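The values are calculated or read from the model by the stated rules, or taken from the named source; none is laboratory data. Because the structure is a prediction, the values reported are computed rather than measured. Cβ atoms come from the backbone with ideal geometry, glycine included; neighbour counts cover every protein chain shown. Note: accessible area is taken over every heavy atom of the protein model, side chains too, but ligands, DNA and RNA are not part of it. Shrake-Rupley method; radii C 1.70, N 1.55, O 1.52, S 1.80 Å.
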Amino acid sequence: MNILRRNNVTTTGTPDGRTVLLAHGFGCDQNMWRLTVPALAADHRVALFDYVGAGRSDLTAFDPQRYSTLEGYADDVVEVCTALDLHDAVFVGHSVSAMIGVLAARKAPERIGALVMVAPSPCYLNDGDYRGGFDRADIEELLASLESNYLGWSSAMAPVIMGNPERPELGEELTTSFCATDPAMARVFARTTFLSDSRDDLASVKVPTLILEATEDVIAPRAVGAYTHAAIEGSKLVTLDATGHCPHLSAPAATNRAITEFLADLG
Amino acid sequence: MIVTDSTEEVYETAPSGHLSTTMDGTIVKINATLLGWLGLTRDAVIGRMRFADLLTIGGRLYNETHLAPSLRMQGAVSGIALELKRDDGGRFPVLVSSVVKYDETGEPVLIRTTVFDAQIRRAYEEELLRGRQVAEEARQQADLARHEAEIAHRQAEADRAQLQDALSVLQQALLPERLPDVPGLETASYYHTASAIQLGGDFYDLFAVDQERWGFFLGDVCGKGPAAAAVTSLARYTLRAAALHDPGSALAALNALLNERFATGDPRYCTAVFGTLRPDPDTGQVAVEFASGGHPPPLLIRAGGTADFVHTTDGTLLGILPSGEFPPTQLLLEPGDTLLLYTDGLTEARVDEDEFYGEQALRTLALRYAGAPASELVEALSEVLTSFGVPLADDTALLALRATP
């Protein structure tokens, strides 16, 4: 299998710079790094990819069994790292991808040398003293809302999913379908993401780690940022003056500054 | 009278909800229609609530992970199905479209959102969704059924293959594995069963009778399958055992046996040519004596370039009558002459829907092989048989006996 094709891997930036691998979160695709890439490209080689089921990945490679755990996604990340022959790369993961990065760094320590976790949450569900922010019923409601968007979504996505290069009008479709995600695959990813509990994996992180959080983020509240920071020894926590779950989109300048400073400190 | 309308009134009382938010989602403007749907007052909303606060928690997650980033990246989204939370705790299904307003430097400043009442549409969609789920279940059941059918089919194929193996072993038992070497004689044979899963009813053999004589026979049992195979087996062993007698007596013995065994129950008949060969090592000639029980006449192909059917006198179908006369016919094969025995599978093979291969075509072809080795004649005939457009309906056996030139 061609991994680069499967995950629609693209690279840009400075070819002999250290590689920064950008991983999108649930609900989006590699396009969400559009405002981040220019800030990194000057000094780094930048690699981007789509998880299977998202963006322009190979939908035929989707395996509901494999992607029912974050480990399956982490295996994909390791395969992408191997296909690119990365060594000591910096993995930047948004949202659930931050945790996928933790698992991937443990699976392939020689390939991932540092982590940037953008709005991470090791567990979205409340559990005793731990306040992930959501009850089980909330998550079930999210899954139901994905279901209700099924019809509209699938009909709008269909031409993109077919991906017919002989029909140039689909170029138009692609630009209007930012964050395209196959609805059935999105449901699998949503379930895997929001029911995951990776709190015990945080202690395994041995590489330099930067945690970025927003001042107001429903999905990853500040208490979760503090928990993650405390659980990863030596990690650095930066609270960005941003609202929402996507600071790299809502406050790109501050986000980029925090990441480039961290990269500079790595040397 | 000229009817006019005010823009402000259109905004406030339009049949759709309208709101504007800053980029962090804080609501700065909202119309009366939407406030009515929500059951909220303007004061409670403006500057105090964010767009996400109007959504159910699932909608909020969806907004954060998909909607807001999409809006940031492409400046507009449309037709997103969401549910609003009403002040009384109820849910209000809507379709949402938003556009981003940018300032003159290209910085995003506002998000303008239009909200459509989707209660009727939602009910309709839920119907469609249910229909889709039912269809998916039906498809899964169909897949399962097909899967089971495939397993059954594979089992049937395996059974068939096993049966075919067993039958071909049995078939081999009814035919000589290979023809013996007869001094002064050159032989060739061909056997084709019309059906791979049915035992053929044709049979032939060539064997030593004593120091000087060789016996041969070729026959055709009426019918196919196990019952026919039983007759084939009986015929074969009876003729072998009776070979010490003259050909006429041997056939008479088989006739009596078949008639006796099958007259009462399921009548079975066969046709056969039975004969003996006596090669003369001095002259190279082979003396042939044979009799026929209702069998198609053998074809005598002279090395000199003639081919003629050797019609025997009388000779009824074997097994029909309690007793029968099978008068012998004698002939002498000169070196290079061939005697061809065949079953009617050859002459009655269909060239096409309307035409049989026939005796005349056989004779014409045999003429071309006058003086040729027996194996070449048999091979030419087998090629003719396989070249027909219509699959062979009957079994076919060929046995060519040629005096070595």
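Below 8 Å between Cα atoms, with a sequence gap of 6+, how large is the relative contact order for the stretch B:175-403 in percent?
25 percent
Using only DSSP helix segments of four residues or longer, with each worth -39500 (n - 2.57), what per-residue ellipticity at 222 nm results for chain B after dividing by its residue count and rounding to 500?
-12000 deg cm²/dmol
Could you check the spin-label model distance between B:GLN172 and B:ARG130? Points 7 Å from the Cα along Cα→Cβ, value in nm.
For B:GLN172 paired with B:ARG130, the spin-label model returns 6.6 nm.
Which of the GluC sites (Glu not before Pro) found in the stretch B:177-286 are loop residues per DSSP with 15 or fewer other Cβ atoms within 10 Å of their Cβ? Kindly include the intermediate steps, with their values, before the conclusion.
Values: sites: B:GLU177, B:GLU186, B:GLU212, B:GLU260; in loops: B:GLU177, B:GLU212.
Answer in residue order: B:GLU177, B:GLU212.
Quick check: pseudo-label points 7 Å beyond the Cα along Cα→Cβ at B:ARG121 and B:GLU348, how many nm apart are they?
7.6 nm
What residue among B:HIS147, B:HIS66, B:HIS192 has the largest mean-square fluctuation in a Gaussian network model of chain B, using Cα springs under 10 Å?
Top of the fluctuation ranking is B:HIS66.
For labels at B:VAL109 and A:THR215 in the simple 7 Å Cα→Cβ model, what's the distance in nm?
With each label placed 7 Å out from Cα toward Cβ, I get 2.1 nm.
Mind pulling the angle between the C-alpha long axis of helix B:119-174 and the longest principal axis of chain B? Nearest 10 degrees, somewhere in 0 to 90.
Rounded to the nearest ten degrees, it is 20.
Which order do the peptides B:123-132, B:339-348, B:276-285 take when ranked by the mean count of other beta-carbon atoms within 10 Å per residue, highest first?
Details: B:123-132: 12.5, B:339-348: 22.9, B:276-285: 15.8.
Order by mean packing, descending: B:339-348, B:276-285, B:123-132.
With springs connecting C-alpha atoms under 10 Å apart, model chain B as a Gaussian network and identify which of B:GLY275, B:GLY304, B:GLY47 has the largest mean-square fluctuation.
Maximum among the listed residues: B:GLY47.
With a 1.4 Å probe and every protein chain kept in, tell me what percent of the accessible surface of the stretch B:7-117 is carbon plus sulfur.
Here it works out to 52 percent.
Out of the total accessible area of chain A (probe 1.4 Å, heavy atoms of protein only), what percent is carbon and sulfur?
Answer for chain A: carbon and sulfur cover 51 percent of the accessible area.
Counting pairs of alpha carbon atoms under 8 Å apart in space and at least six apart in sequence, what relative contact order in percent does chain B give?
In percent, rounded to a whole number, it is 12.
With a 1.4 Å probe, what is the total accessible area buried between chains B and A, in Å² rounded to the nearest 100?
2700 Å²
When only C-alpha pairs under 8 Å and at least 6 residues apart count, what is the relative contact order of the stretch B:60-169, in percent?
Relative contact order, the stretch B:60-169: 15 percent.
Which angle between 0 and 90 degrees, to the nearest 10, do you get for helix B:225-241 versus the longest principal axis of chain B when only C-alpha atoms count?
Its long axis makes an angle of about 20 degrees.
For chain A, with every protein chain kept in place, what is the accessible area per residue (1.4 Å probe, Å²)?
The answer is 39 Å² per residue.
Based on C-alpha coordinates, I'd like the Rg and Dmax of the protein assembly as shown, in Å.
45.0, 136
Give the residue list of GluC sites (Glu not before Pro) in the stretch B:39-113 that are DSSP loop and have at most 10 other beta-carbon atoms within 10 angstrom.
Here the GluC sites (Glu not before Pro) that fit, given the DSSP loop and packing criteria, are B:GLU104.
If you roll a 1.4 Å probe over the heavy atoms of the protein chains, what accessible area per residue do you get for the stretch B:7-117, in Å²?
43 Å²
Using only atoms on other chains, find how many Cβ atoms lie within 10 Å of each Cβ of peptide B:72-81 and report the average.
Mean partner shielding for this stretch: 5.
Out of residues 5 or more away from A:ARG45 or on other chains, whose amide H comes under 5 Å of its own, with H placed 1.01 Å from N in the peptide plane?
For A:ARG45, the qualifying residues are A:THR14, A:GLY17, A:ARG18, A:THR19, A:VAL20.
Taking the Cα centre of the protein assembly as shown as origin, work out the dipole magnitude from +1 charges on Lys and Arg Cβ and -1 charges on Asp and Glu Cβ, in debye rounded to 20. Numbers along the way, then the final one.
Numbers: 52 positive and 92 negative charges, 381 e Å.
Taking the Cα centre of the protein assembly as shown as origin, the dipole is about 1840 debye.
Using a 1.4 Å probe on protein heavy atoms, which residues of the stretch B:24-65 have at least 40 Å² less accessible area in the complex than alone?
Correct list: B:ARG50, B:ILE57, B:GLY58, B:LEU61, B:TYR62, B:GLU64, B:THR65.
Calculated FRET efficiency, A:ARG257 and B:ALA145, Cβ-Cβ r, R0 60 Å, to nearest 0.05?
0.45
Accessible area per residue of the stretch B:175-403 at 1.4 Å probe, in Å²?
Result: 42 Å² of accessible area for each residue.
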